[in-house]
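> Would you mind keeping the following structure in view while I ask a few things?
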Amino acid sequence: DAGITQSPRHKVTETGTPVTLRCHQTENHRYMYWYRQDPGHGLRLIHYSYGVKDTDKGEVSDGYSVSRSKTEDFLLTLESATSSQTSVYFCAISDRVEYGYTFGSGTRLTVV
Amino acid sequence: RKEVEQDPGPFNVPEGATVAFNCTYSNSASQSFFWYRQDCRKEPKLLMSVYSSGNEDGRFTAQLNRASQYISLLIRDSKLSDSATYLCVVKGRDDKIIFGKGTRLHILP
């Protein structure tokens with residue numbers, strides 16, 4: 001399997017606090033993505049990156065920001081966590097979109 | 001019409017049976033198609049790409065019908081380990097990737 005790790009695996013945080021999730025890859029893939037998965041909604045794209053310092057918004061980007069200062073790391077930040085951001089967050093990588101994605105193991109975030 | 005639509009199931013199928021499910025997509029310009037498998041509380045994993053001429057990987061067969069805008073997945077001789085949620089994924093010409101919400105499959109002993 002491709003080398004992609006997410007940290008932390010689980011996190012509980014309080015409403016209003018900032019939270020940063022990390023995605024790290026060892027595959028040197030160009031594209032990196034952050035998704036959230038919720039019951040009834042499936043996977044929804046938050047932000048994605050097509051290279052160092054090149055990022056763009058997905059369909060549910062409000063309340064989230066990202067940074068990619070190195071090819072291998074893609075950070076997702078919740079500026080001020082809300083209960084509606086309780087979810088499972090998946091990072092994915094791709095060398096070419098036609099080849100599909102490889103997902104990380106996910107981060108379960110609970111905002112209380 | 002939703003961009004990618006799947007029957008959520010669950011499909012309850014006895015072990016050894018053949019099961020098939022479809023996924024419809026709305027954008028006729030869609031270019032790439034995939035099936036992913038997701039086990040409970042795990043990440044999605046690529047099961048197979050779907051090619052225009054159809055393709056097979058062991059007990060799994062994927063088909064694309066561009067005229068009717070759907071893809072299908074057929075599983076033969078189903079195993080208990082096939083129990084999972086199967087996600088349909090479609091890529092448009094603009095590289096936009098759309099995930100279906102998945103079809104749950106339960107293989108019964």
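> How many residues does segment B:48-59 hold that are in a strand (DSSP E or B), more than 8 Å from chain A (Cβ to nearest Cβ) and in contact with a strand residue (DSSP E or B) (Cβ under 7 Å, 6 or more places away or on another chain)?
Let us first name the residues in segment B:48-59 that are in a strand (DSSP E or B), namely B:48-50, B:55-57.
Narrowing further to those that are more than 8 Å from chain A (Cβ to nearest Cβ): B:48, B:50, B:55-57.
Next cut, in contact with a strand residue (DSSP E or B) (Cβ under 7 Å, 6 or more places away or on another chain) only: B:48, B:50, B:55, B:57.
Looking only at that region, the number is 4.
> Against the definition (in a loop (DSSP other than H, G, I, E, B) and within 12 Å of chain A (Cβ to nearest Cβ)), how does B:Lys45 come out, yes or no?
Numbers: in a loop (DSSP other than H, G, I, E, B): no; within 12 Å of chain A (Cβ to nearest Cβ): yes.
Considered against the rule, which asks whether it is in a loop (DSSP other than H, G, I, E, B) and within 12 Å of chain A (Cβ to nearest Cβ), B:Lys45 comes out as no.
> Can you name every residue in segment B:82-109 that is without any contact (Cβ under 8 Å) to a residue 24 or more places away in the chain and at negative phi?
Residues of segment B:82-109 without any contact (Cβ under 8 Å) to a residue 24 or more places away in the chain: B:94-97.
Of everything in segment B:82-109, those that are without any contact (Cβ under 8 Å) to a residue 24 or more places away in the chain and at negative phi turn out to be B:Asp94, B:Lys96, B:Ile97.
> Can I ask one more? Name, by its number, the condition in (1) touching a residue at least 60 places away in the same chain (Cβ under 8 Å); (2) buried (at least 16 other Cβ atoms within 10 Å of the Cβ); (3) of a type outside the set (S, T, N, Q); (4) away from every other protein chain (no Cβ under 11 Å) that does not hold for B:Lys79.
Result: B:Lys79 fails condition (2) only.
> Counting only residues that are outside any strand (DSSP E or B) and more than 12 Å from B:Tyr70 (Cα to Cα), how many does segment B:1-16 have?
As a first pass, look at segment B:1-16 and keep what is outside any strand (DSSP E or B): B:1-3, B:7-10, B:15-16.
The next check asks that each one be more than 12 Å from B:Tyr70 (Cα to Cα); those that pass are B:1-2, B:7-10, B:15-16.
So the count comes out to 8.
> When segment B:1-28 is examined, which residues are found to be among the aliphatic types (A, V, I, L, M) and modelled with pLDDT of 95 or more? Don't jump to the end; show me each part of the working.
Here is the first cut: in segment B:1-28, the residues among the aliphatic types (A, V, I, L, M) are B:4, B:13, B:17, B:19-20.
Answer for segment B:1-28, where residues must be among the aliphatic types (A, V, I, L, M) and modelled with pLDDT of 95 or more: B:Val13, B:Ala17, B:Val19, B:Ala20.
> Then there's this: So is A:Ser105 away from chain B (no Cβ under 14 Å) and either hydroxyl-bearing (Ser, Thr, Tyr) or touching a residue at least 24 places away in the same chain (Cβ under 8 Å) (or both) or not? Spell out how you get there, then give the answer.
Numbers: away from chain B (no Cβ under 14 Å): no; either hydroxyl-bearing (Ser, Thr, Tyr) or touching a residue at least 24 places away in the same chain (Cβ under 8 Å) (or both): yes.
No: the conditions fail for A:Ser105.
> Tell me whether segment A:74-93 contains one or more residues that are closer than 26 Å to B:Trp35 by Cβ, more than 14 Å from chain B (Cβ to nearest Cβ), among the hydrophobic types (A, V, I, L, M, F, W, C) and touching a residue at least 12 places away in the same chain (Cβ under 8 Å). Let's see the steps before the verdict.
Let us first name the residues in segment A:74-93 that are closer than 26 Å to B:Trp35 by Cβ, namely A:74, A:87-93.
Narrowing further to those that are more than 14 Å from chain B (Cβ to nearest Cβ): A:74.
Next cut, among the hydrophobic types (A, V, I, L, M, F, W, C) only: A:74.
Right, trim to touching a residue at least 12 places away in the same chain (Cβ under 8 Å) and you get A:74.
Looking through segment A:74-93, at least one residue is closer than 26 Å to B:Trp35 by Cβ, more than 14 Å from chain B (Cβ to nearest Cβ), among the hydrophobic types (A, V, I, L, M, F, W, C) and touching a residue at least 12 places away in the same chain (Cβ under 8 Å).
> Give the residue that is surrounded by the fewest Cβ atoms within 10 Å (Cβ to Cβ), with candidates limited to residues of segment B:17-42 that are more than 14 Å from chain A (Cβ to nearest Cβ) and not in a strand (DSSP E or B).
The extreme case among them is B:Ala29.
> I've got another one for you. Of the residues A:Leu21, A:Leu43, which single one is assigned to a strand (DSSP E or B), modelled with pLDDT under 95 and crowded, with 19+ Cβ neighbours inside 10 Å?
Details: A:Leu21 fails: modelled with pLDDT under 95.
So the residue among A:Leu21, A:Leu43 that is assigned to a strand (DSSP E or B), modelled with pLDDT under 95 and crowded, with 19+ Cβ neighbours inside 10 Å is A:Leu43.
> Exactly one of these conditions fails for A:Lys53: (1) in contact (Cβ under 8 Å) with a residue 40 or more places away in the chain; (2) exposed (fewer than 14 other Cβ atoms within 10 Å of the Cβ). Give me its number.
Single failed check for A:Lys53: (1).
The values are calculated or read from the model by the stated rules, or taken from the named source; none is laboratory data. Computed from a prediction, not measured in an experiment: that's the story for all the values here. Ideal geometry is used to build each Cβ from the backbone, glycine not excepted, and the neighbour counts take in all protein chains shown.
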